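*Asks:* I'd like to ask you about the structure that follows.
Readers should treat all values here as calculations from the given coordinates under stated rules, not as data from a laboratory. Owing to the predicted nature of the structure, the values given are computational and were not obtained by experimental measurement. Every residue, glycine as well, gets a Cβ built from its backbone with ideal geometry; the counts of neighbours run over all protein chains shown.
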Amino acid sequence: MSVTAKPITRVVDELSRLPGIGPKTAQRLTYFLLRAPAEQAEALAEAVLELKRNVVLCERCFNITDRTPCEICSNGEREASHICVVEEPLDVVAIERTGQYRGTYHVLHGAISPIEGIGPDELKIRELLGRLQSAQVEEIILATNPNLEGDATAMYLTRLLQPLGITVTRLARGLPVGGDLEYADEITLSNALAGRSQI
Amino acid sequence: MRGDIFAFIKPRKALTNSNSPRVYRTEGIVLKGYDFGEADRILTLYTPQLGKLRAIAKGVRRTKSRKAGHLDLFTRSNLLVARGRQLDIITQAETIESFAPMRIDLVRLSYAHYVAELVDAFTVEQMANYPVYATTVATLRRISTAEDPALSIRSFEVQLLGLMGYRPQLHRCLSCDTAIEPVSNRFSPKMGGVLCPLCASEDRAAGPISVQALKVLRNLQTNEAAILQLPELPLEVGQEVEARLQEYIEYRLEKGPRSVRFLDQLRTEGARP
């Protein structure tokens, strides 16, 4: 017979299924919740429920949102003629943080990885092409990750988009701020050299 | 043993000897990787002395990572690896060869995926096989520069099958052991080679193989260099050789390589006007 009460074991089990949370952390969190005021536990439970009930994918850009079209897509001040293509919803957050971009987004939900069996059909690429037919788009900015999967995705998209007469650009790549030249790999350095700019 | 500085540079010892140093040096090619935790990636590497190896590269998904560029897929790097409790940890990495021309060509890149997938599928962890490493490096080099990478891929398939102990018998009939004549023979993935017309009933699933395709396959086995000097194979022969090897690989792996699907998709899309 277990010495721990069933409701506690249940919370511990559920929490330890989360990424990065082992059995000990799960126990600690559970006992914290047990001692916390009832309102705090209820707020957490409600927040989790709302997350699953009210969060949807935007019908246009496929970003995660609570209403569709999402805030960015339905904002008249954003330039719908520019679409920034990213791999994951978190990438939208990263680009928004710069405050430099005034266009719209398109979230692919992954990158091409033949070895994992992820091809173009598993990503929101067909939906992107659909968007191009219904709206006047001048430029597509490919902001996939600067690794091999991201590059493959960007190359594949370029193949599809260039014949349509749309300007296709890729985020510049080179040395990060605060980096050390001596540790840069040759591909990054040659990219930085190729993309050097006049001061 | 303390003070034995040679133990430090002998990677094999590092894995077998319980007194072995906590770090070892090896070179390796990154075959695949997946994201792990906050900013880490777990990589599958193929190394010359240790064979296939799984190790964790910490923090490589951060833009400021000093290792990230040296540990991208299909990069050949010098590594310093620390022994971990479950997974070894890559502490330093420096590129030896990045096969750069392949990275800007989608078709060549997909071939590299295919090569990596085959090496990963056919090998087991920590069993050294230097020829496999050498063939993989040579093939990646060829893929990035050769005019027709497809031919390098066929050669790689034949070499790898041979190194793994699955070298197909292409000179004598698998059933009656007579020399194969230049007539309409059959290729049996199940039996691992060619059947003469009289023994065709030994494996009813065996499909026909043309004399030209058989010649190409034999040459890939014994006279690789000559074949690789050809600019390309006649289209039909190339397709046939590819199909027969594909059947054989699929039979041996008990599954079709996944990267083939993307390659096929690229080819059909590329053929469209």
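*Asks:* To make sure I understand the rule: partners must be lysines, Cα under 23 Å from the Cα of A:LYS124, and not fewer than 8 residues away in the same chain. Which ones qualify?
*Replies:* Within reach: A:LYS52.
*Asks:* Within region A:130-187, report the GluC sites (Glu not before Pro) that DSSP leaves as loop and that have at most 14 other Cβ atoms within 10 Å. Please list the in-between numbers first.
*Replies:* Numbers: sites: A:GLU138, A:GLU139, A:GLU149, A:GLU182, A:GLU186; in loops: A:GLU138.
For GluC sites (Glu not before Pro) across region A:130-187 that sit outside H, G, I, E and B with at most 14 neighbouring Cβ atoms in 10 Å, the list reads A:GLU138.
*Asks:* Name the residue farthest towards the positive end of the dipole of the protein assembly as shown from the options B:LEU214, A:GLY150, A:ALA184, assuming +1 on Cβ of Lys and Arg, -1 on Cβ of Asp and Glu, about the Cα centre.
*Replies:* A:ALA184
*Asks:* If you average the sequence gap of Cα pairs under 8 Å that are 6 or more apart and divide by the length of region B:65-170, what percent do you get for the contact order? Display every interim value, and only then the final one.
*Replies:* Working: 101 pairs, mean separation 21.6, N = 106.
With pairs under 8 Å counted, the relative contact order is 20 percent.
*Asks:* Relative to the Cα centre, what is the charge dipole magnitude of region A:139-190, using +1 at the beta carbon of each Lys and Arg, -1 at the beta carbon of each Asp and Glu, and rounding to the nearest 20 debye? Can you show the working numbers first?
*Replies:* Values: 3 positive and 7 negative charges, 71 e Å.
Dipole of region A:139-190, to the nearest 20 debye: 340 debye.
*Asks:* If you don't mind, there's one more thing I want to ask. Leaving out same-chain residues fewer than 8 places away, which lysines sit with a Cα under 24 Å from that of B:LYS255?
*Replies:* Cross-link targets: B:LYS32, B:LYS52, B:LYS190.
*Asks:* Specify the longest stretch of chain B that does not include any exposed loop site, a site being one of the GluC sites (Glu not before Pro) with a non-H, G, I, E, B DSSP assignment and at most 14 other Cβ atoms within 10 Å.
*Replies:* B:39-146
*Asks:* Within chain A, what percent of beta bridges assigned by DSSP are antiparallel, to the nearest 5? All intermediate terms of the calculation are to be shown ahead of the outcome.
*Replies:* Values: 3 of 16 bridges.
Within chain A, antiparallel bridges account for around 20 percent of the total.
*Asks:* For chain B, take the longest principal axis of its alpha carbons; what is the angle in degrees between that and the long axis of helix B:130-145, to the nearest 10 within 0 to 90?
*Replies:* 80 degrees
*Asks:* What percent does the relative contact order of chain B come to when contacts are Cα pairs within less than 8 Å and at least six residues apart?
*Replies:* Working: 452 pairs, mean separation 34.9, N = 273.
Dividing the mean separation by the residue count of chain B yields 13 percent.
*Asks:* Right, next: Collect residues whose amide H, placed 1.01 Å from N in the peptide plane, falls under 5 Å from the amide H of B:ASP88; neighbours closer than 5 in sequence don't count.
*Replies:* B:ILE56
*Asks:* Where is the GNM fluctuation largest for chain B (alpha-carbon springs, 10 angstrom cutoff): B:GLN126, B:GLN221, B:GLN229?
*Replies:* In this elastic network of chain B, the residue with the biggest mean-square fluctuation among B:GLN126, B:GLN221, B:GLN229 is B:GLN229.
*Asks:* Just how large is the dipole of region A:14-77 about the Cα centre, in debye to the nearest 20, putting +1 at every Lys and Arg Cβ and -1 at every Asp and Glu Cβ?
*Replies:* The calculation lands at about 420 debye.
*Asks:* Measure out, as a whole number of angstrom, how far apart the alpha-carbon centroids of region B:62-93 and region B:114-138 sit.
*Replies:* 19 Å
*Asks:* Give, rounded to the nearest 20 debye, the magnitude of the charge dipole that chain A has about its Cα centre when Lys and Arg contribute +1 at Cβ and Asp and Glu contribute -1 at Cβ.
*Replies:* 440 debye
*Asks:* Considering the dipole of the protein assembly as shown built from charges on the beta carbon (Lys and Arg +1, Asp and Glu -1) around the Cα centre, which of B:ASN223, A:LEU123, B:ASN129 is farthest to its positive end?
*Replies:* B:ASN129
*Asks:* Under the rule that an exposed site lies in a DSSP loop and has at most 12 other Cβ atoms within 10 Å, name the longest stretch of chain A with no trypsin sites (Lys or Arg not before Pro) of that kind, not counting the sites themselves. Intermediate results must be reported in sequence, preceding the final value.
*Replies:* Working: sites that count: A:ARG17, A:ARG67, A:ARG102, A:ARG196.
Looking at chain A, A:103-195 is the longest stretch - no exposed trypsin sites (Lys or Arg not before Pro) with at most 12 other Cβ atoms within 10 Å.
*Asks:* Picking from A:CYS58, A:GLN198, A:ALA172, whose Cα lies most toward the positive end of the charge dipole for chain A (charges on Cβ: Lys, Arg +1; Asp, Glu -1)?
*Replies:* Of A:CYS58, A:GLN198, A:ALA172, it is A:CYS58.
*Asks:* Within region B:198-236, list the trypsin sites (Lys or Arg not before Pro) lying in a DSSP loop whose Cβ has at most 10 other Cβ atoms in a 10 Å radius.
*Replies:* Loop-located and lightly packed - B:ARG204.
*Asks:* Helix A:6-15: angle to the longest alpha-carbon principal axis of chain A, degrees 0 to 90, nearest 10?
*Replies:* 10 degrees
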